[in-house]
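The values are calculated or read from the model by the stated rules, or taken from the named source; none is laboratory data. Here the structure is a predicted model, which means the values were calculated and not measured. We place every Cβ from the backbone using ideal geometry, glycine too, and count neighbours over all the protein chains shown.
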Amino acid sequence: MGSMLLKRVLAAIPSLIGVVIVTFLLTRALPGDPAAYFAGPAATKEAIEQIRATLGLDQPLIIQFFHYVVDLAHGDLGKSLTTGQPVAEEIRARLPASAELTLLGLIVSMAIAIPLGIMAATKPGSIIDHTCRIVTTAGVSLPVFFTGLILVYVFYYLLGWAPAPLGRLDVFYSAPPTVTGFYLIDSLIARDPETFVAALKQLILPALTLGIFSLAPIARMTRASMLSVLSSDFVRTARASGLAPYTVIVTYAFRNAMLPVITTLGMVFSFLLGANVLVEKVFAWPGIGSFAVEALIASDFAPVQGFVLTMAILYVALNLLIDVLYGLIDPRVRLEA
Amino acid sequence: MKRRDFLKSMTALAAGGAVSAPAVFSPARAQGRQETLLIVSESGPNNLDIHGIGTNVPGYEVSWNCYDRLISHEMKTLPNGTQYYDRDKFKLELADDMNIGDMSVTFKLKKNATFQDGKPVTAKDVKWSLDRAVTVGGFPTFQMGAGSLTKPEQFVVLDDNTIRVDFLTKDRLTIPDLAVIVPCVVNSELVKSKVTDKDPWGLEYTKLNTAGSGAYRVTTWNAGSEVILERFDNWKGGPLPKMRRIIWRMVPSAGNRRALLERGDADISYDLPNKDFVELRDAGKLNIVSTPYSNGIQYIGMNVKTPPFDNLKVRQAIAYAIPYQKIMDAALFGLAKPLYGAPADAKTEPVWPEAHKYNTDLAKAKQLLAEAGYPEGFETTLSFDLGFAGVNEPICVLTQESLAQIGIKTTINKIPGATWRTELNKKVMPLYTNVFSGWLDYPEYFFIWCYHGKNSIFNTMSYQSPEMDKLIDGAGAAASVGDKATYDKDVDGFVDLAFADIPRIPLYQPYVNVAMQKNISGYQYWFHRRLDYRALAKG
Amino acid sequence: MSSIATDRADPDAAIGAALVQAASVTADTVLPPEPATTFTPPPRPTAPRQSGLAATLSHIRYVLSENLVTGFAFALFLLIVLAAVFGPALVPYDPLASDTVAALKPPSAQHWFGTDQLGRDIFSRVVVATRLDFGIAVASVVLVFLMGGLAGVAAGFYGGWTDRIVGRLADTIMAFPLFVLAMGIVAALGNTVQNIVLATAIVNFPLYARVARAEANVRREAGFVEAARLSGNSEFRIVSFQVLPNVFPILVVQMSLTMGYAILNAAGLSFIGLGVRPPTAEWGIMVAEGAAFIVSGEWWIALFPGLALMIAVFCFNLLGDGVRDIVDPRRRT
């Protein structure tokens, strides 16, 4: 198993190198001139050149790339010009915000999609099945920023049920002492129920927005997987031996059908983490997605590179984790290189 | 009787409940809320020090409130009740005394003034700070230069408590330039202890920390999401500010900012779309203050170096084809001061900005275009800064539509904010809209940057005219010796020439719009247009 | 075992726009590669005595009547195509003409969907935008079909280095956060319609390449290919005339499934400010611009283009299912 894992990690290295090169070239092709931007509104041509030299942007591309790789090897992701902070620190501070939001979004989605998928699978072709299909497809057909805006309008502005969309906590609360970076968990560790509730309130709308978007793949996978399990021999045997339909579905079929769903979940999580930039923008969420987008617009190279690299590594790690989990849960599947 | 008592007590209970119910905060939090100001804006600082490389405009606000200058401006009250900085009246901030001589000015420092770490403010700190401003390069050095402050030798320490600033030339902008944000006084002992070989001015430290003697200091800064400032109780620059704590949150969505204000969650926001300001003003639930930018205009610029805009008649045709009123209505919702359509017999005043005499007249525009040799029109691109798309995009779309009617086909080019300055610098965009405003509110200051033949980067049209240069230089010289008659004549002259040659078409003077809860008072308009927390009060 | 595995790789999971990519593509990377190999050439539709065309038509009719939802999606699709073709000729107002006197008017008999900030008729703009949005979707799937499909077929059929290069390329793209990659491409190359199409295509590349590769790989050793080989056909001929036509239907399913994603992607780019140029009417940009007016009560500016966007994506997604049912009934879930 260990050597298998190592092999998989090694196999992922060429893609990571590809990601580093492509990101580097892409960011250099951005139209903005950071030197001019940071030289301020009144800079002369000389002042701009001076700043260009300070930033090392007057060097040939290949030298810049070399410097970048050397820094990278030292774990230095560079500095963001717009926020003035080291990128590695920014990402460390912001990743938990994005991860917490995405994870909760996924949980919301699962809570709705898995029962839907099971119901649809028990009666394929029925009204329930079609409704499930329509609802989940409708969810994924809405642009996330649109869903988010509507939810804010209705639940904050009109009804006043949700708190102000001002990020992770209401302004008059202070963040719980950092242990995991997840406010929900940290506030529980700190035994501060008030902060826990405040953090949860802030999370509900953005998590719902993400959840609605990710209903479809989870529901569909659940349905597909349940269908195939329900038609398999052991379920038929269980049914034939007179077990109640509920017992058959929940104890026998569902547990077996969960394996492929877990795979999907991992992928949905990885995808959402990178794709929730728009949700973060709507809810002023201090995550890594919104950070990367703002940097991209400002032609701020380092954060974009750092973000993409982080996501790529996460992606590879997550794949690996799912492989391992899968191998543990289902002994029939072995890790093969 | 008994029953009545019972009812009474129930009512009291209910009333008590009703009062306390909305207060979701625990008592300590409610108390904190009373002394805390919550500001929301679209973007936040990228650097806490205005001397830093590429400090953005929100960063100026931090500098303004956390550092002191030797002098500042008095306030005056506008007819609408707004507190507005008085360009011509200075007040002492860190200085206890200002003595203007013929070729120098001498300041005595307040004896009891200390930095936030308790060290006294000395003349050495002042000199180090001014040296730093004229040496670090980039924007601060440029701004100092605008007041003929360019060399460290100009700043002379006389004793611990006295500093003299020598003039290089007679320039009436020198004293005002000492009251802008840049010449702030930094705790030199503290910052020097953080200096490295690569960073002789300690910019890395002040980027993340405030090291001043000002009324506030930054205690928390999460770039891109919030800045928290606490009051410095031992501040000597003025009366102790009312607000103990300022929380400044970045909320990118304008809709959310408006919702926060309307629901009473935020105290102040000052970069909402015009439409929201108009509606909030009309709804009357909030205090809305609109003040024209000092010395600032939004304009349509044309590159006069390349055809067809090298042709005066083409430029005039464009000036007659701009849909001014539509822009005022649909893009600005009336919240701006028009700079067009002055009566034909209006006399030019020695002030800036002022209105020109062009109006929307498509027939005349078409005729001018034909006279210029473009009876069929031509094709060009119209560019704008995406960072201000809310106003720029409707302006460009309306202009595009109007120009199409005289045969000029335009493609709209939206340029991301980060790239905008680069594009302006290249001076190749044929047609574009932009805003310029100067901190120092003097007509010749505006013109020297925007119209002078030395072709600064703000002369985005690449306009060059010896006659114009003579008038601008003449006005500057006249001002420094106090020759009002010549000054007025020259200012009239360059304004007239700018309108006759029309390389840029002024559209309007934008407003700074600030929306506040009714219980917030003390808003002051400053030349830098950012908030001054020191005067704000709540309740 | 095979039934679970097959379902896992089922592109049905893909319904959700790009989520699809994550799910179905990884099934391929993460899991043992058997799912694809369990697949056999798509069975011909039933009704063996009819001619090919008649059989297909009757099958389509069967699928439509059996599944009302798909029938509904087909009807919507027709409506969208009609709007794209004839819309600009039919709308009551010039979609670009401003009328500042009538700005920000709510829906009425004159302006069915109301007017925007510049007094432009939103109904006309929504209808006219159909052509552009539909065009972006179609162009991007056709482009990715050409890029990804051909690369995938070549990889699957020739194996070896071709396979490795295509595989690496797909891996690298997959490792990117896709929306940010699309943003980066558009930001770097400039925000024109062509670049939006290109970015959307590149982002979808791995999905197409993998599906095509898997399908071509199966057919490499298939009987009809062997037969063609034995009768002296060149490899190129075999790819062009034996393998491609067989892979084509599977890719068509992918195309209809990713059309919706293409539109969402373009809309997302517009929301960030990287969309098409003003004053062009495009749903995403209209929603993005209208978003600023929701809180002030002018909900119609964002709502109607948002609905149009949603209906179109919804329709393409349902249609993707439907097309799969027709082309490939076995994969139905």
Need the failing condition index for residue A:75 against (1) assigned to a loop (DSSP other than H, G, I, E, B); (2) buried (at least 18 other Cβ atoms within 10 Å of the Cβ), just the number. (2)
Out of segment B:254-268, which residues are part of a loop (DSSP other than H, G, I, E, B) and surrounded by fewer than 23 Cβ atoms within 10 Å (Cβ to Cβ)? B:263, B:264, B:265
Condition (residue is within 23 Å of the chain's Cα centre (by Cα) and either farther than 26 Å from residue C:262 by Cα or facing another protein chain (nearest Cβ under 9 Å) (or both)) applied to segment A:124-136: is it met by at least one residue? yes
Test: residue in segment C:301-318 that is surrounded by fewer than 21 Cβ atoms within 10 Å (Cβ to Cβ), away from chain A (no Cβ under 11 Å), touching a helix residue (DSSP H, G or I) at 6+ places or on another chain (Cβ under 9 Å) and not β-branched (Val, Ile, Thr): no
For the structure I just gave you, tell me whether residue B:358 is closer than 17 Å to residue B:508 by Cα and surrounded by 22 or more Cβ atoms within 10 Å (Cβ to Cβ). yes
Criterion: surrounded by fewer than 22 Cβ atoms within 10 Å (Cβ to Cβ) and either within 14 Å of chain A (Cβ to nearest Cβ) or assigned to a loop (DSSP other than H, G, I, E, B) (or both) - qualifying residue of C:94, C:133: C:94
Can you spot a residue in segment B:232-251 that is under 30 Å from residue A:152 (Cβ atoms), in the same structural domain as residue B:105 (by TED's automatic domain parsing) and assigned to a loop (DSSP other than H, G, I, E, B)? yes
Answer residue from segment A:21-44, given it is farther than 12 Å from residue B:139 by Cα, within 11 Å of chain B (Cβ to nearest Cβ) and more than 26 Å from the chain's Cα centre (by Cα) and is modelled with the lowest pLDDT among those: A:32
Residue B:199 fails exactly one of (1) touching a Lys or Arg at 6+ places or on another chain (Cβ under 9 Å); (2) more than 24 Å from residue A:295 (Cα to Cα); (3) part of a loop (DSSP other than H, G, I, E, B), namely (1)
Show me the helices (runs of 4 or more DSSP H) found entirely inside segment A:224-337 where at least 3 residues are at the interface with chain C (Cβ under 10 Å from one of its Cβ atoms) and within 21 Å of residue A:93 (Cα to Cα). A:255-275, A:277-282, A:288-297, A:301-329
Looking at this structure, is residue B:491 more than 14 Å from chain A (Cβ to nearest Cβ) and touching a Pro at 6+ places or on another chain (Cβ under 9 Å)? yes
Whether any residue in segment A:101-113 is within 11 Å of another protein chain (Cβ to nearest Cβ) and under 17 Å from residue A:268 (Cα atoms) is what I want to check. yes
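Results for (1) out of contact with any Leu (no Cβ under 8 Å at 6 or more places or on another chain); (2) modelled with pLDDT of 95 or more; (3) not hydroxyl-bearing (Ser, Thr, Tyr), shown as yes or no for each residue.
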residue: B:151; (1), (2), (3): no, no, yes
residue: B:159; (1), (2), (3): yes, no, yes
residue: B:170; (1), (2), (3): yes, no, yes
residue: B:194; (1), (2), (3): yes, no, yes
residue: B:198; (1), (2), (3): yes, no, yes
residue: B:204; (1), (2), (3): yes, no, yes
residue: B:216; (1), (2), (3): no, yes, no
Pick from segment B:108-137, criterion of a type outside the set (Gly, Ala, Ser), under 26 Å from residue B:230 (Cβ atoms) and not in a loop (DSSP other than H, G, I, E, B), ranking: farthest from the chain's Cα centre (by Cα): B:120
Residues that are assigned to a helix (DSSP H, G or I) and either at the interface with another protein chain (Cβ under 9 Å from one of its Cβ atoms) or in contact (Cβ under 8 Å) with a residue 40 or more places away in the chain (or both), drawn from segment B:425-437: B:425
Among the residues of segment B:32-46, write down those that are of a type in the set (D, E, K, R) and touching a residue at least 12 places away in the same chain (Cβ under 8 Å). B:35, B:42
For segment B:330-354, enumerate the residues that are of a type in the set (A, V, I, L, M) and in contact (Cβ under 8 Å) with a residue 40 or more places away in the chain. B:330, B:331, B:332, B:335, B:336, B:339, B:351
Residues A:60, A:96: which one is modelled with pLDDT of 80 or more and either surrounded by fewer than 16 Cβ atoms within 10 Å (Cβ to Cβ) or among the polar types (S, T, N, Q) (or both)? A:60
Every residue from segment B:27-80 that is within 17 Å of the chain's Cα centre (by Cα) and aromatic (Phe, Trp, Tyr): B:60, B:64
Would you check if residue B:505 is modelled with pLDDT under 90 and among the aliphatic types (A, V, I, L, M)? no
In segment C:163-205, what residues are crowded, with 20+ Cβ neighbours inside 10 Å and not in a helix (DSSP H, G or I)? C:176, C:177, C:191
Looking only at residues in segment B:373-424 that are of a type in the set (Phe, Trp, Tyr) and closer than 23 Å to residue B:320 by Cα, which one is nearest to the chain's Cα centre (by Cα)? B:384
Whichever residue in segment A:54-100 is under 22 Å from residue A:293 (Cβ atoms) and of a type in the set (Asp, Glu) and, among such residues, is nearest to the other protein chains (Cβ to nearest Cβ): A:90
Hey, among the residues in segment B:210-224 that are over 21 Å from the mean Cα position of the chain (by Cα) and in contact (Cβ under 8 Å) with a residue 40 or more places away in the chain, which one's surrounded by the most Cβ atoms within 10 Å (Cβ to Cβ)? B:212
Six or more apart or on different chains, Cβ atoms under 9 Å: show the pairs whose first residue is in segment A:145-157 and without any contact (Cβ under 8 Å) to a residue 60 or more places away in the chain and buried (at least 21 other Cβ atoms within 10 Å of the Cβ) and whose second is part of a helix (DSSP H, G or I) and of a type in the set (Phe, Trp, Tyr). A:146/C:271
